[in-house]
Amino acid sequence: MPKNKGIKSILIIGSGPIVIGQACEFDYSGSQAAKVLKNEGYKVILVNSNPATIMTDPELADATYIEPLTFDFLKKIIEIEKPDALLPTLGGQTALNLAIQLHEKKVLEKNNVLMLGASAESIEIAENRWKFKESMEKVGIKTLNANYVGTLVEGIEVASKMEYPLMLRPSYILGGGGTGIVKDETELIQKLKEAFKASPTQEVLIEESVYGWKEYELEVMRDSDGNGVIVCGIENFDPMGIHTGDSITVAPIQTLSDKEYQSMRNEALLCLDTIGIATGGSNVLAIAGKNSGHLVASVLTAAPDTFQHPYFIDCRAVPWVVNPDLPDIHRGLNIQNHLLNMRIYCLACITLCKIETDDSFLF
């Protein structure tokens, strides 16, 4: 299928300041997207509040706006530039939240702007933890025992019917703000107040804690026809509870059998099919507990993500021998190309270490 010739200009939303959970990888992905789209003949309009980025270099985009990343400024830029399409999947949580606001307030509809990569509905399901949970359970993907609450009273009541420790997960947050583990009701009351402040929708998911469980990730590419490719599998060296930034990850996955890996692979593709993400690259997280009865016990999230080249950002010290066209493939999917029409070569992975463990390490 050829690219959509009805699109002449594309607006890219950057991620703003580099912060925990939204770092320099988005500058890389945004700058690469600008290059690819310009090479394809599109007019590229870029907005970012952070001037200390590569993507805001004047030669990368046809029009660059260094402005606050707020709804009002985005609305004005859209009215001035009148882009044919919006690409929100390369600017982290900031860009996704802005895209949802522009959709809900009919700015995109009034200005005939097409959202590329992921629809507003797909972003809503991926970012709203309860909708995500419901969507996964409908297709048979296991999720954690959890309940949504909107008030402190509801939170105390829900927690009283669950076993501590519990995990608090606010919706639509940046960099993990407001999340935390609570060990008793006193901690619950304190941290639940903080979680409500962090969530722009005043919604918090209270779920069973997975502290100490194993964590795995799959980098997945998917197009709008449902074709999917697993680019790589990643295993976190340390268990849940230790931030990836304080640890290391290893690729390929070392401690899963082929049967277990194939089960996780199938559920990751089913997850993206269910949500409807056609953004090119997505990151699907899975966890495993020794008493879960099923290795892939929960698909935690499926968020539009970006491939890093020549290093995947989470695979520290693990170099990849990859097809140099891979970043272009990912961004090409965002302009409505299809995987079957692209040159995708096999990936060769250089594994720097082989993990030898016993069950006590795994869980």
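Couple of notes before you dig in:
- Of the residues in region 233-247, at least one is assigned to a helix (DSSP H, G or I), at pLDDT below 90 and crowded, with 16+ Cβ neighbours inside 10 Å.
- Scanning region 45-81 for residues that are in contact with a helix residue (DSSP H, G or I) (Cβ under 8 Å, 6 or more places away or on another chain), under 16 Å from A95 (Cα atoms) and not in a loop (DSSP other than H, G, I, E, B) yields I45, L46, V47, Y65, F71, L74, K75, I78.
- Qualifying residue in region 14-30 (condition: of a type outside the set (D, E), at pLDDT 85 or above and more than 20 Å from H103 (Cβ to Cβ)): no
- So D72, is it without any contact (Cβ under 8 Å) to a residue 12 or more places away in the chain and charged (D, E, K, R): yes
- The residue that is most open to solvent (accessible area, probe 1.4 Å), among those in region 115-152 that are over 30 Å from I12 (Cβ atoms) and among the basic types (K, R), is K138.
- Among the residues of region 82-101, those that are touching a Phe, Trp or Tyr at 6+ places or on another chain (Cβ under 7 Å) and either in a helix (DSSP H, G or I) or among the small types (G, A, S) (or both) comprise G91, G92, N97, L98, Q101.
- Selection count where residues are assigned to a helix (DSSP H, G or I), more than 30 Å from E81 (Cα to Cα) and modelled with pLDDT under 80, scope region 112-158: 2
- The listed residues are L168, L218, L174, and the only one of them that is within 20 Å of the chain's Cα centre (by Cα) and modelled with pLDDT of 90 or more turns out to be L168.
The values are calculated or read from the model by the stated rules, or taken from the named source; none is laboratory data. All values derive from a computational prediction rather than experimental measurement. Ideal geometry is used to build each Cβ from the backbone, glycine not excepted, and the neighbour counts take in all protein chains shown. Ligands, DNA and RNA are excluded from the accessible area calculation, which covers all protein heavy atoms including side chains. Shrake-Rupley method; radii C 1.70, N 1.55, O 1.52, S 1.80 Å.
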